[in-house]
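No value in this document is a laboratory result; all are computed from the given coordinates. As the structure is a computational prediction, the values presented were derived from the model and not from experiment. Counting neighbours? That spans all protein chains shown, and the Cβs are built from the backbone with ideal geometry, glycine included.
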Amino acid sequence: MIQPTLDAPTLDAPTLAGKHVLLGLSGGIACYKTAELTRLLVKAGATVQVVMTAAAEQFITAVTMQALSSRPVVTSQWDAREPNNMAHINLSRAADVMLVAPASADFIAKLVQGRADDLLSLTALARPTQTCPLLVAPAMNREMWAHPATQRNVAQLLADGAHLLGPGNGSQACGETGDGRMLEASELLEELIAFFQPKWLAGHKVLVTAGPTFEPIDPVRGITNHSSGKMGFAIARAAREAGAEVTLVAGPVHLTTPRGVRRIDVQTAQQMFDAVLPLAPAHAVFVATAAVADWRPAQVLEHKIKKDHKPGASTAPPMISMTENPDILAAVAALSPGPYCVGFAAESRDLLKHAREKLLRKKIPLIAANLGPATFGRDDNTLLLVDAHSERELPTNDKLSLARELIREIASRL
Ligand code: CTP
């Protein structure tokens, strides 16, 4: 039976509503990204209290950070504005999380040693670890990042309970290329949002298909559909946020891979089948959101089909004979042992009737039905969850919020 999840978090609220973020900047050129991050955090509903080291103030001004956070920036443990003159205590008691971005090599070393000779390191040391977890986004030159001293420090920082965000890889301000770039502001935001999500699927592996398939007719033409892949990508993201190790097999779509998700790109239904089947047995959950083409041209022509332009030539259109594609979901559902399978049904009418038929035909325990034409390409959707005994509507919401609800529902059934 599908029971309403009464204590489900409010999912239509801004994603960081009610969260108070203590945002620490140490010295590094990546401070410019933290300005953008502050904007994104505020936009997502968080309150942001900025703390800067003297080195950070060499790269960006406290005025900029105050304007973006709408709060006075704190830079000194001797700040007389605090009534009790204990900024380090007050700041960390009020916060839901402390994020140091950028975290320089020097600042990471200070955290590891428990040194407390500036306000930011003092606050990190004084924070209650249970209520104010520490997230660290390193930013430094690749040689500094790769140095055994830094690697030793990072390992110790993790052992002490901190969480590492990044670093990224790419071209660096110094002109070199490698590991050590601070993650982009949007990536840090995604990581922070994920950090606050309940870990319903910790330790589980989830496999997701998404997007349309493209079935070629000749080298320049093919058959596809309107699926944008957004629902499947949202499910992959929600599963990863919930602590799962996620593999996403995607048809041709132009979407950014959710952070921390392994992506395999395919074009055709057969390629999707070939990618999914060997992986499926090692997964606890399989969510088939892909709009897989039911048929493909029986033969893919080597060269483009040309019109015959000769005077008097036949104008009859070419006949394309079709053959059926394998049913990926039904094949995974038949595996024993196999993952817990969740299907999607994109219909244009009679949602419940078709969903029930598909549940039985594909021998799956749960299906999410939606009206395809009403949702293809859009950012919101309405789902009807159908199992053998009951159905429950997930009312219209953005796709990520729906995906989180679906993941919670799946987790409750494992
Ligand atoms: N599916 C699949 N492989 C296929 C066809 C569908 O894995 N070859 C999966 C879809 O990803 C979805 C579910 O099966 O989770 C239902 O897909 P849908 O196209 O709605 O159903 P069909 O079985 O193709 O039935 P019909 O086209 O007649 O509605």
### In range of the label at ALA44: residues from region 133-166 whose backbone nitrogen is under 19 Å from the point 7 Å along Cα→Cβ
133-139, 162-166
### Message
Quick one: the Cα spread of the chain along its three principal axes, in angstroms, biggest first?
### Response
88, 57, 38
### Message
Just to be sure I understand the model, the point goes 7 Å from the Cα along the line to the Cβ. What's the resulting ARG413 to GLU302 distance in nm?
### Response
4.8 nm
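Between THR177 and SER321, take the C-beta separation as r, use R0 = 45 Å, and let me know the FRET efficiency to the nearest 0.05. Walk me through the intermediate numbers first.
On the way: r = 51 Å, r/R0 = 1.13.
E between THR177 and SER321, to the nearest 0.05, is 0.30.
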### Summary
GNM of the chain, Cα pairs under 10 angstrom: of SER227, SER336, SER401, the biggest fluctuation goes to SER336
### Message
Give me a comma-separated list of calculated 3J(HN,Hα) values for region 353-362, in order, Karplus coefficients 6.51, -1.76, 1.60 applied at θ = phi - 60°, integers in Hz, x for any Gly or Pro.
### Response
4, 5, 4, 4, 4, 5, 4, 6, 4, 8
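Within the chain, what is the longest stretch that has no trypsin sites (Lys or Arg not before Pro) placed in a DSSP loop and near at most 15 other beta-carbon atoms within 10 Å? Spell out each step's value before the answer.
On the way: sites that count: ARG81, ARG115, LYS199, LYS304, LYS306, LYS307, ARG349, LYS363, ARG378.
The longest such stretch corresponds to 200-303.
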### Task
Quick one: which residues, 5+ away or cross-chain, put their amide H under 5 Å from the amide H of ILE217? H built at 1.01 Å from N.
GLY222, ILE223
## Note on the structure
Too long for a 24 Å Cα-Cα cut-off, among LYS363/LYS399; LYS43/LYS205; LYS230/LYS358; LYS199/LYS362; LYS199/LYS353, are LYS363/LYS399; LYS43/LYS205; LYS199/LYS362; LYS199/LYS353
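Considering only DSSP beta bridges where both residues belong to the chain, give the percentage that are antiparallel (nearest 5). Intermediate results must be reported in sequence, preceding the final value.
Working: 19 of 61 bridges.
Of the beta bridges lying entirely in the chain, close to 30 percent run antiparallel.
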### Task
Would you mind computing Rg(Cα) / (2.2 N^0.38 Å) for region 29-92, counting N as its residues?
1.13
#### Entry: Cα long-axis angle, helix 269-279 against the chain (0 to 90 degrees, to the nearest 10)
50 degrees
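Full extension from TYR32 to ASP79: what is 0.36 nm times the residue separation minus their Cα-Cα distance, to one decimal in nm?
Details: separation 47, 0.36 × 47 = 16.92 nm, distance 2.46 nm.
Extending this stretch completely gives an extra 14.5 nm.
Looking only at region 20-196, where both bridge partners belong to it, what percent of the DSSP beta bridges are antiparallel (to the nearest 5)? Could you put the intermediate results ahead of the total?
Working: 4 of 21 bridges.
Looking only at bridges with both residues in region 20-196, the antiparallel portion is about 20 percent.
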### Query
Using 13 Å as the cut-off for backbone N distance, which residues of region 283-302 belong to the label zone defined by a point 7 Å from the Cα of ALA330 along Cα→Cβ?
294-295
### Distance in nm between pseudo-label sites at GLN267 and GLN156 (7 Å out along the Cβ direction from Cα)
5.3 nm
## Note on the structure
The answer for VAL249, listing residues at least 5 apart or on another chain whose modeled amide H is closer than 5 Å to its amide H, is VAL208, THR209, ALA210, ILE264
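Decide, for region 162-262, between rounded, prolate and oblate: order the square roots of the alpha carbon gyration tensor eigenvalues as a ≥ b ≥ c, take rounded if a/c falls under 1.5, and otherwise choose prolate if a/b is larger than b/c, else oblate.
Working: a/c = 2.85, a/b = 1.38, b/c = 2.06.
The shape class here is oblate.
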### Task
Identify the chymotrypsin sites (Phe, Trp or Tyr not before Pro) of region 294-348 meeting these criteria: DSSP loop state and at most 15 other C-beta atoms within 10 Å of the C-beta.
none
### Task
Enter the Cα centre distance for the pair region 231-277 and region 60-116, rounded to the nearest angstrom.
38 Å
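If each residue's Cβ is checked for other Cβ atoms within 10 Å, how do SER26, SER348, SER76 rank with the fewest at the top? Mind dumping the intermediate values first?
Working: SER26 30, SER348 10, SER76 13.
Result, fewest neighbours first: SER348, SER76, SER26.
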### Query
Which is the longest part of the chain that has none of the GluC sites (Glu not before Pro) sitting in a DSSP loop with at most 13 other Cβ atoms within 10 Å?
1-175
